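Undergrad: Structure in structure tokens, see below.
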Amino acid sequence: AGYDILQRGGSAVDAAIAVQLVLNLVEPQSSGIGGGGFLLYFEAASGAVLSYDGRETAPNRATPALFLDDDGAPLAFFDAVVGGRSVGAPGLVALLETAHQQHGQLPWADLFAPAIELAETGFVVSPRLARLIELDQDRLRRYPATRAYFFGDNGEPLQAGDRLRNPELADTLRVIAQQGSAGFYRGAIALDIVNTVQTVPDNPGLLSLGDLASYQAKRREPVCIPYRVYHVCGMGPPSSGGLTVGQILGILDSFDLAALGAESPLAWHLIGEASRLAFADRGVYMADSDFAEVPVAGLLNQDYLRDRAQLINPLGPALRAVAPGQPPDAENFAPGETLEQPSTTHLSIVDADGNAVSLTSSIENAFGSRVMVRGFLLNNQLTDFAFEPEVNGRPVANRVEPGKRPRSSMSPTIVLNQNGDLYLVVGSPGGSRIIGYVAQTLIAHLDWGLDIQAAITLPHRVNRFGTYTLEPGLETGAATVELADALEALGHTVNIGDLNSGLHGIVVTPSGLEGGADPRREGQVRGD
């Protein structure tokens, strides 16, 4: 759908809208108009990197005790997720409309046609969607709408190869195509969303018509940091993605990863330690900057990052414990815990004029809140807030507050070369591991010289909180076992397990564009 839009002279934003709407239909477990996202845009004419925030907001009636039980203890994750309590005001429609008003070429309504047609005629259920329905069938059976949509007449989960139609979604998209975002945030669709959220059995939510009517996508300042000869730009708060990827790279800028190479255990030791240090800061300082003083400049201060780098022994052993640092101008927040689930999607697009979109969007957990309205699933993004609002009397930056946007790890990224020209567009789904997936891909390409497909396919190695998880690899696990032994000898705690990213990247070369799509998920490269 996106490629056809580009062939018709559409812009990168036009193509992104068409792609996102089709993904809402064929990948409903990951993203859609019931959720939100972040869009990073490179404007070729000016050379500017722009960022747009379509993250969900907490209802105005929400309190810091939203995810605490009657005794003041945090709810179990799925007790909080399933139902209306976890639903924030969706931001994706407003995000797409705002980006289109600024950077669109084709008429808004035209971009809805591919998804509407496919929703009417039906699409073939993929093996991945079928597998996820089967794994989540107990929760999907809980509500009539999801039970009717994701299960056959025999009551069994849909199977790969089944044809699935969604005329309700087609009707919803027609309204938004004709009326713009007002058709979603006001009127009959908004009323149905609110009524459904507020009347969910056992776990109703607080979302109101006022929450929807007042929602706005926001233009934000991108977060950029120099790395080697490049300029790496990402999404700032309420995403932690740009800051944490930036901190990892900023710490690693003190080490010669290129000389060590991709096979070196010492290289992975450095990457793991830098990630742990960055995640320690993330847990304390990063939240919605409209509600908390996020020390963006301090977190990316080069002197501060060099000081953090000096905590790492480049030859081992690994740090026993990692504490958050004290970046310049930082408030004294308490660490806050969140559990982000890896059900998200990403797309990277470059158009004929050299404009680029890096868009990551999500409904959070697979199938979101499991609440379905008018053919689309509603998000459970409010569970990205810290459930406990304070620790030992100190406030948690990412606590629930009315109108606040929960912290995210989505990391749409655009890299400029030393001349300020577009060089690389990349991003991934994957919960809080998104940060590691994107950072590793950047290192693999910028430091180790792997082409973008090889960089994406490279087995993942992720260390957020002290345990180094190594992906077995797509062909053989022998090298992974050797690396595990070497990292354990350097003092790391290691486990081996699957790491399901969904990276999509584009590199601008003198001879044209090169694309890479993650073989771990569905996705492909299309272009001239």
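Undergrad: Filter segment 87-125 down to the residues that are at negative phi and in a loop (DSSP other than H, G, I, E, B) and list them by number.
TA: VAL87, GLY88, PRO90, GLY91, GLY104, GLN105, LEU106, PRO107, VAL125, listed by residue number.
Undergrad: Checking the condition of a type outside the set (Gly, Ala, Ser) and open to solvent by 30 Å² or more (accessible area, probe 1.4 Å), which residue from ASP288, ASP281, ASP307 passes?
TA: From the options ASP288, ASP281, ASP307, the qualifying one is ASP307.
Undergrad: In segment 165-174, what residues are surrounded by fewer than 17 Cβ atoms within 10 Å (Cβ to Cβ) and in contact with a Gly (Cβ under 7 Å, 6 or more places away or on another chain)?
TA: Within segment 165-174, ARG165, GLU168 qualify.
Undergrad: Now a separate question. Count, please, the residues in segment 485-508 that happen to be in a helix (DSSP H, G or I), of a type in the set (A, V, I, L, M) and surrounded by fewer than 20 Cβ atoms within 10 Å (Cβ to Cβ).
TA: Summing the residues that are in a helix (DSSP H, G or I), of a type in the set (A, V, I, L, M) and surrounded by fewer than 20 Cβ atoms within 10 Å (Cβ to Cβ) in segment 485-508 gives 2.
Undergrad: State the number of residues belonging to segment 509-524 that are closer than 15 Å to SER428 by Cβ, of a type outside the set (Asp, Glu) and open to solvent by 70 Å² or more (accessible area, probe 1.4 Å).
TA: 1
Undergrad: Is it the case that some residue within segment 273-286 is outside any helix (DSSP H, G or I) and at pLDDT 95 or above?
TA: Checking segment 273-286: at least one residue is outside any helix (DSSP H, G or I) and at pLDDT 95 or above.
Undergrad: Among the residues of segment 235-269, write down those that are in contact with a helix residue (DSSP H, G or I) (Cβ under 6 Å, 6 or more places away or on another chain), touching a residue at least 40 places away in the same chain (Cβ under 8 Å), assigned to a helix (DSSP H, G or I) and among the hydrophobic types (A, V, I, L, M, F, W, C).
TA: Within segment 235-269, LEU243, VAL245, ILE248, ILE251, LEU252, LEU257, LEU266 qualify.
Undergrad: Taking segment 470-484 as the search range and keeping residues that are assigned to a loop (DSSP other than H, G, I, E, B) and acidic (Asp, Glu), which one is least open to solvent (accessible area, probe 1.4 Å)?
TA: GLU471
Undergrad: May I pose another question? Could you list, in sequence order, all residues of segment 370-427 that are among the aromatic types (Phe, Trp, Tyr) and open to solvent by less than 10 Å² (accessible area, probe 1.4 Å)?
TA: PHE376, PHE385
Undergrad: Can you pull out the residues in segment 65-81 that are open to solvent by less than 20 Å² (accessible area, probe 1.4 Å) and either modelled with pLDDT under 95 or more than 30 Å from ALA182 (Cβ to Cβ) (or both)?
TA: PHE67, ALA80
Undergrad: A further question on this structure: Kindly indicate which of ALA352, ALA330 is open to solvent by 10 Å² or more (accessible area, probe 1.4 Å), modelled with pLDDT under 95 and of a type in the set (Gly, Ala, Ser).
TA: Among ALA352, ALA330, only ALA330 is open to solvent by 10 Å² or more (accessible area, probe 1.4 Å), modelled with pLDDT under 95 and of a type in the set (Gly, Ala, Ser).
Undergrad: Right, next: Have a look at THR121, THR98 and point out the one that is β-branched (Val, Ile, Thr), under 25 Å from GLY47 (Cα atoms) and open to solvent by 30 Å² or more (accessible area, probe 1.4 Å).
TA: The unique qualifying residue is THR98.
Undergrad: Looking at segment 455-478 only, could you name the residues that are of a type in the set (Gly, Ala, Ser) and without any contact (Cβ under 8 Å) to a residue 24 or more places away in the chain?
TA: Residues satisfying the conditions are GLY473, GLY477, ALA478.
Undergrad: Collect the residues in segment 136-160 that are touching a residue at least 40 places away in the same chain (Cβ under 8 Å) and either in contact with a Lys or Arg (Cβ under 7 Å, 6 or more places away or on another chain) or open to solvent by 80 Å² or more (accessible area, probe 1.4 Å) (or both), keeping them in residue-number order.
TA: If the condition is that a residue be touching a residue at least 40 places away in the same chain (Cβ under 8 Å) and either in contact with a Lys or Arg (Cβ under 7 Å, 6 or more places away or on another chain) or open to solvent by 80 Å² or more (accessible area, probe 1.4 Å) (or both), then ARG139, LEU140, ARG142, TYR143, THR146 are the ones that fit.
Yes/no per residue for (1) in contact (Cβ under 8 Å) with a residue 60 or more places away in the chain; (2) within 20 Å of SER369 (Cβ to Cβ); (3) touching a Lys or Arg at 6+ places or on another chain (Cβ under 8 Å); (4) open to solvent by less than 30 Å² (accessible area, probe 1.4 Å):
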residue	(1), (2), (3), (4)
ALA1	yes, no, no, no
ASP4	yes, no, no, no
GLN7	no, no, no, no
ALA15	yes, no, no, yes
ALA18	yes, no, no, yes
LEU21	yes, no, no, yes
GLY36	yes, yes, yes, yes
LEU39	yes, no, no, yes
GLU43	yes, no, no, no
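Undergrad: Quick check on my filter: what residues within segment 509-528 are among the polar types (S, T, N, Q) and in a loop (DSSP other than H, G, I, E, B)?
TA: SER511, GLN524
Undergrad: All but one of (1) within 27 Å of LEU40 (Cα to Cα); (2) not acidic (Asp, Glu); (3) not in a loop (DSSP other than H, G, I, E, B) hold for THR196; state the number of the condition that does not hold.
TA: That leaves (1) as the condition not met.
Undergrad: Quick one: which strands (runs of 3 or more DSSP E) sit completely within segment 396-464 and have at least 1 residues that are under 24 Å from LEU23 (Cβ atoms) and at pLDDT 95 or above?
TA: Because the criterion is at least 1 residues that are under 24 Å from LEU23 (Cβ atoms) and at pLDDT 95 or above, the strands (runs of 3 or more DSSP E) in segment 396-464 that meet it are 413-416, 422-427.
The values are calculated or read from the model by the stated rules, or taken from the named source; none is laboratory data. Keep in mind the model is a prediction, meaning the values are calculated, not measured. Positions of Cβ are backbone-derived with ideal geometry, glycine not excepted, and every protein chain shown enters the neighbour counts. Note: accessible area is taken over every heavy atom of the protein model, side chains too, but ligands, DNA and RNA are not part of it. Shrake-Rupley method; radii C 1.70, N 1.55, O 1.52, S 1.80 Å.
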